[in-house]
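The next block holds one structure in the form of C-alpha cells; read it before the comments.
No lab work stands behind these numbers, since they all come straight from the coordinates. The shown structure was predicted, so the numbers you read here are calculated from the model rather than taken from an experiment. Glycine gets a Cβ as well: all are built from the backbone with ideal geometry, and neighbour counts include every protein chain shown.
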Ligand code: AHR
C-alpha cells in the first residue's frame, strides 16, 4: 500500500528537478471500469467485414462473429460496448434488425459511404456478442428520426421479463430471457447528425424520451445518457444540466477527437513531427474539456450524481489511400499509443466525474484496437496500451500532482510526461507513465520513503519511430515487452522513460 503522501521527483536529463506528489488519502474515487469502454458503429468495416463475417464464412466464428476478435476483446477486458452509432444510431430502426434475416429490409447507410445495409447484424447479434465478450452493452437510441414509442419498445424488447407484445416478439425471435441492458443513449450528437437541434430543444426532447423509457422511480435502474457537447461547447452542458431534472438523467456525454485540422487531417502514418505534436496537443485538450465540463456539472450537481460520459474519443486522420472516404479506415501508430496513454491518464485522474468513455472505434474505423484484412487480424499499438492499462479498472485512484518537463518543438511546448496511478483490491499499486517526447528520455524518481512494496515489475510499449505501426506483414512489430529501465532501492525508485513510450509499473 502507498503511504499517506509519497513524493516523486521527475528530473529532466539536464537535472532540472520537478517534484511530484502522490497522495493516497485524497478522496480515492474508484476508476470506473467503463472508462475503458469501446464503440462499434455500422460504419465501414467495423461491423460488416470486421466483427461480423456471417456464419457461412470460412473464418472461424460464433453466430457470424469472428472468434479471434471475441478472444482479443475478452483479453482486453472490454467493460462496455456502445452500438449501433454514432450518427448511424439516429437513422436506425431496431425492428429492421430482428427476426428472420432473409426477411429483414435493407436500408441505405446515408452517413457512411451510402452503402446498402441489409440489417443482418441486429439487436440479438449485438447483445449475444456482448455476452460472449463479457462487455456490458450500451445501446444508442434513435431520437433524430425515431419516435418515443420506438425507443420505449426497444427497451421493453430487450429488458422486459414479463408478458408483453415486445417480450413475446423477443421470445418468438429465439431469446427467452431479457438481456437487461442498463446503458441507453438518448440520441447521438443531437447538435449535428442527430438532428441539428439547439440545446434547449434537445433538453425538452430528452425529457420526453426519458419519461417513457422507464417508470416513475426508474425502478429498472436504466442509465440514461444525454447526447452531449461537441468538444468545447460548454453552453450545451450548461443547458442540459439546468433544464433536465436530475432524477431522469444518469449521464451527460461529451465527444472530442484528436484532430489536427478538420479540413486537412493528414495521413495516419506519413506525418511530420509538427503534425505529431499538433495531434498530441488536440488529445491533451481533453484535460481542459473534462475540467471545464465537470465544473459546469458541479454547479448544478455538486454531489456528482450525474456522470460525464466521453462516449467518443480518439485520433482522426485521413483515410488510408485507396479506401472509401466514408469508411474512416486508418492505420494506428506510436502516435496513437501516445494519444491513448495520455487520454486514459486524464480519465483516470478525473474518475470522480468521468465514469465511462468509449474509444472510437473498436475494429477497422478511426483509432481502432483491431484491424482486419480478410482472414488476417492484427492488434494495434492502441490495443496494447488499453490492455496494459486495464489494471486500473475498478481500482482506487491514487491522485498524483507534478509539474512535467516540456516537450519542445520550435516555439511549441507540451507537457512531456503524463502519469496516473491506482491501487487495486489486492493492494497492488499500478502507475502508468507516458513520455510523448520523441527525442528525449525523462527520468522519474519516486522518493520511496515508506512506500511498502517488495517488488516492482513493468511493461513498456515503444518503437524507434513515432510513425511505426503494426502491418499485416509485421503484426507484432509493436507490442509490450518487460520493462527493466528502473532502479529500486529501499528509498528510491528511479525510472528512465524512453522517448515516445508508455510504461505501466506494478508495485506489490
Ligand atoms: O465515430 C465516427 C462519427 O463521429 C460518429 O458516428 C459521430 O457520432 C461522430 O461525429
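I'd like the distance between the alpha-carbon centres of segment 176-241 and segment 349-420, rounded to an integer number of Å. Cα centroid to Cα centroid, the span is 26 Å. In terms of other Cβ atoms within 10 Å, 151, 43 run from fewest to most in the order 151, 43. Annotation: the residues 202, 300, 92, sorted from fewest to most other C-beta atoms within 10 Å of their own C-beta, follow the order 300, 202, 92.
To the nearest ten degrees, helix 67-76 and the longest principal axis of the Cα atoms of the chain are 50 degrees apart. Its convex hull of Cα atoms gives segment 78-204 a direction-averaged projected area, equal to a quarter of the hull surface, of 8.2 nm². Dividing the Cα radius of gyration of segment 68-132 by its Kirkwood radius returns 1.01 for Rg/Rh. Its relative contact order, with pairs defined as Cα atoms under 8 Å and 6+ residues apart, puts the chain at 19 percent. Computed from Cα atoms, the angle from the helix 334-349 axis to the main principal axis of the chain rounds to 90 degrees. Binning the C-alpha pair distances of segment 393-508 at 10 Å intervals from 0 yields a P(r) profile of 13, 40, 33, 13, 1 %, listed from the shortest bin outward. Considering segment 132-267 at the alpha-carbon level, its Rg and Dmax are found to be 16.7, 54 Å.
Computed over the chain, the per-residue total of -39500 (n - 2.57) for DSSP H runs of n ≥ 4 gives a 222 nm mean residue ellipticity of -7500 deg cm²/dmol, rounded to 500.
Shown here are the Rg and Dmax of the Cα trace of the chain, at 22.7, 72 Å. Can you work out D for segment 268-341 in µm² s⁻¹ from Stokes-Einstein, where Rh is the Kirkwood radius over C-alpha pairs, the temperature is 4 °C and the viscosity is 1.567 mPa s? It comes out at roughly 89 µm²/s. Kirkwood hydrodynamic radius of segment 172-238, from the reciprocal of the average inverse Cα-Cα distance over all distinct pairs: 13.6 Å. Taking the fewest neighbouring Cβ atoms within 10 Å as the starting point, the ordered list for 223, 446 is 223, 446.
Helix 148-159 versus the longest principal axis of the chain: what is the Cα-based angle in degrees, 0 to 90, to the nearest 10? Long axis of 148-159 versus the principal axis of the chain: about 70 degrees.
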